[in-house]
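The values are calculated or read from the model by the stated rules, or taken from the named source; none is laboratory data. The model shown is predicted, which means the values in this text are computed figures rather than measured ones. Virtual Cβ from ideal backbone geometry, glycine too; neighbours counted across all protein chains shown.
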Amino acid sequence: MKKLFKSSLPFGFLLMSIGIEAYADTVNARCDIYPKGMDEASLSIPCTFSQRQGFINITRSDGKEHNLRPTGNQPGNYLDQTGQAAYRQSGLGNDGFIFKLADKSVYVYWDLSTLSIDKSTTAFDKTYQLQGITFRVTSANNSSLNTLTIEPNGLELSNEPVIVEIDGTVTSAGIVDLDSNGSPEIYVFVNSSGSGSYGSLVAYAVNNGKSISQIYLPPINDDTVNSIGYMGHDQFSVKDSTLVRKFPVYQKGDINASPSGGTKELQYKLVTGEAGWILQLN
């Protein structure tokens, strides 16, 4: 029987800023409003969709706003500006997002005349092997939300697949032994849909050839120093014995397509924490 693992890795996404001048990462969209329990939209209206570091702002042309901040460890879970639960749902593929609020659902459709979205997604299916352990990594990559499957082989105790819901598509993966303990780790790199293309990581370490445990990468927006100017477009790689994360730095007033602050590189080493494996900033 397959086990379903819900990823605890937050996916940096959007910045909610009520009452500030503007959002640096904003796209035009159309919002269809479905009252709770109704299967027909009561309103279809132009809107803008803003995103940064896990927070969402949807501003409608009638002046109403939906401000959502992430909550908990599950991707797609939020609280709105009144403190009520909200959820992002799949269903529109690369055409947009669905947000289920307490009294309504908001369907956000991208305005393709102003936003370029690549609809030619390609399924990811690759196999990696190191130190007698094999991992097959697969994802359909056909929507803004996808299912990632990691199938281990060669473990002594359990080779059951890990199934994780991811926010975005798998762009690459790799197997390596960062801490040189004789047991490999599998690293899967994910980028979210939309103009921000926020990066995240799903990773597991082999425990003495017997089983696997999840590797935790702390959210970058928890780092008050290195998150300054961060607006996504992450690139991950492995360099020597470190995991490398690179992203462009945005200055105040920069639009999403034109960062002016150069590039920041962060390097992480794999360590054992109290609750398991952690990628610690060097």
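Of the set (1) surrounded by fewer than 16 Cβ atoms within 10 Å (Cβ to Cβ); (2) farther than 17 Å from ASP177 by Cβ, all apply to ASP254 but (1). Output yes when any residue across region 83-94 is of a type in the set (A, V, I, L, M), in contact with a strand residue (DSSP E or B) (Cβ under 8 Å, 6 or more places away or on another chain) and at pLDDT below 85, and no when none is. Yes, some residue in region 83-94 is of a type in the set (A, V, I, L, M), in contact with a strand residue (DSSP E or B) (Cβ under 8 Å, 6 or more places away or on another chain) and at pLDDT below 85.
How do the strands (runs of 3 or more DSSP E) wholly within region 212-274 filter down when requiring 2 or more residues that are among the acidic types (Asp, Glu) and outside the structural domain of ILE133 (by TED's automatic domain parsing): which remain?
none
Give the residue that is nearest to LYS269 (Cα to Cα), with candidates limited to residues of region 214-243 that are among the hydrophobic types (A, V, I, L, M, F, W, C) and without any contact (Cβ under 8 Å) to a residue 24 or more places away in the chain.
Only one residue tops the list, namely VAL225.
Whenever a residue of region 34-51 is farther than 23 Å from ARG69 by Cβ, its partners that are assigned to a strand (DSSP E or B) and aromatic (Phe, Trp, Tyr), lying with C-beta atoms within less than 6 angstrom and at least six residues away or across chains, give the pairs ALA41/TYR34.
Residues that are within 15 Å of VAL206 (Cα to Cα) and not basic (Lys, Arg) within region 121-136 comprise TYR128, GLN129, LEU130, GLN131, GLY132, ILE133, THR134, PHE135, listed in sequence order. In summary, TYR204 fulfils each of the numbered conditions (1) among the hydroxyl-bearing types (Ser, Thr, Tyr); (2) at pLDDT 95 or above; (3) in a loop (DSSP other than H, G, I, E, B) with the single exception of condition (3).
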